[in-house]
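Right, one structure below, let's go through it.
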Amino acid sequence: MTLVGHDLIADYVKTLDGSPGVYRMLDAESRVLYVGKARNLKVRVSNYARPSGHSGRIARMIRETSSMMFLTTQTETEALLLEQNLIKQLKPRYNVLLRDDKSFPNILVTGHAFPQIKKHRGAKKEKGSYYGPFASADAVNRTLNQLQKAFLLRNCSDAMFESRTRPCLQYQIKRCTAPCVDKVGEGDYGAAVKDAQRFLSGKSTEVQEQLKVDMMAASEEMEFERAAALRDRIKAMTMVQTAQGINPRTVAEADIIALHLEKGQACVQVFFIRAGQNWGNRDFYPRVGDEIDASEVLEAFMGQFYSEKDPPKQILLNHGIENDDLMVELLSEKLQRKVEISVPQRGEKAELVEAAARNARESLARKMSESATQAKLLRGLAEAFELEGPPARIEVYDNSHIQGTNAVGAMIVAGADGFLKNQYRKFNIKGEDLTPGDDFGMMKEVLNRRFTRLLKEDPERDKGLWPDLLLIDGGAGQVSAVAEIMREHGVEDIAMVGVAKGVDRDHGKEEFHRTGERPFALRHNDPVLYFIQRLRDEAHRFAIGTHRAKRAKAAIANPLDEVPGVGTARKRALMAHFGSAKGVSRAALVDLKAVEGVSDALAERIYAFFHERG
């Protein structure tokens, strides 16, 4: 007789010792149900062997357990780290799971002689000084916009900087001092960079006071233009601080983390305090179940949240966590300095935590209201398209191009939680045999690549990556093209609907196409129709945005970058001599050889590059 549940676990307990480690509980199909860590594996796992005294959630998990896996570690801290890594990798059903864990943007002041100030996301590989994290790209963009007004630092790339022969628009609108064409010396520009770095480091009052002194001195010396420029810089700095809202007096560097639990759902609100300034807040909705403790949710959230992010020196919570000593040890080791975790009860810190908790409570209320509406719309969608049940994952596809040029495909994803923007995908159309503007061929390429990848990455369909419904922007032709691709991949159990604009291509007159079925329409005032329009419009917005970005990149691409042996200095010399890349492409060989720094061999290579292409 095969053991399951309590009996199975009790049998495993006999083989365990008191080592720290990680355990995994698996169901009959070897899917991981839960990942846990333990200071003492034998003691921890024996708790599951008891036949009673468990919450409903844990009791269900125990009943489904058909096997277990164990891995011992040297310390409990190692077990905690391994547990969080496995949770992120395996996404077990009964664990708290942080679903939105993309990286946060920073501001980077580069290590160039004339540093660039820009937004940076991802690993800190580029040389320079990083300031952050900021809660969102919008928060960074607002701050950068005001900092450029205040300090007049360049935001162009190094390649653009090296190739300039005259000031750009940024100089004309007083957002840059044009160091690219020597409108400012390295010393004066460096002083502005240091002021910007002091401001981002929390010394804003000190910088502003010095600017006020300089402004008054300029005014007294009747240098009114310089005084006005300094006044504008002070105003821009004040705008940054105003936009940040809360700027604590007693907290220089901290993450404020507050959790609100209600009806089996959770919202975690995080405020980022750096350099005594509020650099934004962000809400997260980790997957939790009924009858779960706040301390367990917060501990799991923190473990996953900081697995790929550097923690601050201080973390303020609205609930304690069970293993705070382990979390402190883990995060301190990661940061290479002491990290403090506390639940403040009074003073400004308590006020900050209460503000975050209030935001979490209000955000969850809005989310639950939106989810109820979304669930109703998904049921209506299932009824309209005769699906077996409400779709958990909808993928919507659209193409964008101009007469076949810069063609892209776009996929957006929606589900019970609304638009899942971290699941969006773009496809650069590669088909060399496609006729320009062949929408059917482009759609076939996109879906072919999509299902090829799905079959490779999730052949068992157990990772939540497969759609329940495909919405295709187009009519019978697009539907037929996609159906052909799906048949080639052996995928014929996914519902697929084409959304055509219908008569006069007007909103409200959409026709819906399905393989082997007559086209049909919904009532013009049907909420499901509005829902489909929103999905289609979001796909169109994403496709258009992707196409424009590709077109803009192509427009500013410099063909000299593709010529072997032409580096920054030689490119700048060529651009200065001929005025533009087009001028270089039209130059005679003898004229290319006349450019200072360009050898005869390089001149011949440049000439051949452009004339062989033509």
Checklist entry - So is residue 536 among the basic types (Lys, Arg), crowded, with 17+ Cβ neighbours inside 10 Å and modelled with pLDDT of 90 or more or not? => result yes
Item to check | Selection status of residue 298, buried (at least 16 other Cβ atoms within 10 Å of the Cβ), closer than 20 Å to residue 273 by Cβ and of a type in the set (A, V, I, L, M) | outcome: yes
Item to check | Residue, nearest to residue 198 (Cα to Cα), within region 115-133, restricted to residues that are touching a residue at least 60 places away in the same chain (Cβ under 8 Å) and crowded, with 20+ Cβ neighbours inside 10 Å | outcome: 131
Next on the checklist: Against the definition (among the polar types (S, T, N, Q), out of contact with any Ser or Thr (no Cβ under 7 Å at 6 or more places or on another chain), open to solvent by 50 Å² or more (accessible area, probe 1.4 Å) and more than 20 Å from residue 255 (Cβ to Cβ)), how does residue 110 come out, yes or no?
Outcome noted: no
Item to check | Unmet criterion (only one of (1) of a type in the set (D, E, K, R); (2) in contact with a helix residue (DSSP H, G or I) (Cβ under 9 Å, 6 or more places away or on another chain); (3) open to solvent by less than 60 Å² (accessible area, probe 1.4 Å)) for residue 99 | outcome: (3)
Checklist entry - Do we find that residue 187 is more than 28 Å from residue 278 (Cα to Cα), at pLDDT 75 or above and open to solvent by 50 Å² or more (accessible area, probe 1.4 Å) in this structure? => result yes
Checklist entry - Any residue at all in region 371-386 that is outside any helix (DSSP H, G or I), at negative phi and among the basic types (Lys, Arg)? => result no
Checklist entry - Taking region 59-72 on its own, how many of its residues are crowded, with 17+ Cβ neighbours inside 10 Å and under 33 Å from the mean Cα position of the chain (by Cα)? => result 1
Item to check | Selection from region 21-43 of residues that are open to solvent by less than 60 Å² (accessible area, probe 1.4 Å), in contact (Cβ under 8 Å) with a residue 24 or more places away in the chain and more than 35 Å from the chain's Cα centre (by Cα) | outcome: 41
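Being among the basic types (Lys, Arg), at pLDDT below 90 and over 26 Å from residue 187 (Cα atoms): is that true of residue 124 here? Explain how you work it out, then say what you get.
Working: among the basic types (Lys, Arg): yes; at pLDDT below 90: yes; over 26 Å from residue 187 (Cα atoms): yes.
For residue 124, the condition - among the basic types (Lys, Arg), at pLDDT below 90 and over 26 Å from residue 187 (Cα atoms) - is met.
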Next on the checklist: Any residue in region 565-582 that is in contact (Cβ under 8 Å) with a residue 60 or more places away in the chain sitting within a Cβ distance under 6 Å of a residue that is open to solvent by less than 30 Å² (accessible area, probe 1.4 Å) and not in a loop (DSSP other than H, G, I, E, B)? List the pairs, counting only those 6 or more apart or interchain.
Outcome noted: 571/163; 571/560; 572/163; 575/163
Checklist entry - Filter region 162-182 for residues that are without any contact (Cβ under 8 Å) to a residue 60 or more places away in the chain and in contact with a Phe, Trp or Tyr (Cβ under 7 Å, 6 or more places away or on another chain); which is least open to solvent (accessible area, probe 1.4 Å)? => result 178
Checklist outcome for this item: Counted residues in region 280-293 being open to solvent by less than 10 Å² (accessible area, probe 1.4 Å) and closer than 18 Å to residue 312 by Cβ come to 1
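Residue 424 - would you say it is surrounded by 20 or more Cβ atoms within 10 Å (Cβ to Cβ), closer than 17 Å to residue 542 by Cβ, touching a helix residue (DSSP H, G or I) at 6+ places or on another chain (Cβ under 9 Å) and among the aromatic types (Phe, Trp, Tyr)?
no
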Item to check | Residue ID - nearest to residue 608 (Cα to Cα), chosen from residues in region 555-565 that are open to solvent by less than 50 Å² (accessible area, probe 1.4 Å) and in a loop (DSSP other than H, G, I, E, B) | outcome: 563
Item to check | Residue among 417, 398 that is surrounded by fewer than 16 Cβ atoms within 10 Å (Cβ to Cβ) and within 22 Å of the chain's Cα centre (by Cα) | outcome: 417
Next on the checklist: Return the residues of region 249-278 that are of a type outside the set (A, V, I, L, M), without any contact (Cβ under 8 Å) to a residue 40 or more places away in the chain and assigned to a strand (DSSP E or B); say none if nothing qualifies.
Outcome noted: 278
Checklist entry - Across region 332-387, which residue is nearest to residue 272 (Cα to Cα) among those that are of a type in the set (Ser, Thr, Tyr) and open to solvent by less than 40 Å² (accessible area, probe 1.4 Å)? => result 342
Next on the checklist: Taking the conditions exactly as written (charged (D, E, K, R) and farther than 26 Å from residue 180 by Cα), does residue 604 satisfy them or not?
Outcome noted: yes
Checklist entry - Out of region 45-63, which residues are within 24 Å of residue 20 (Cβ to Cβ) and among the polar types (S, T, N, Q)? => result 46, 47
Item to check | Evaluation of residue 75 against (1) farther than 23 Å from residue 332 by Cβ; (2) open to solvent by 40 Å² or more (accessible area, probe 1.4 Å) (one fails), failing number | outcome: (1)
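The values are calculated or read from the model by the stated rules, or taken from the named source; none is laboratory data. As the structure is a prediction and not an experimental result, all values here were calculated from the model. Because the Cβ atoms are built from the backbone with ideal geometry, glycine has one as well, and the counts that use them run over all protein chains shown. Calculation scope for accessible area: heavy atoms of the full protein, side chains included, ligands and nucleic acids excluded. Shrake-Rupley method; radii C 1.70, N 1.55, O 1.52, S 1.80 Å.
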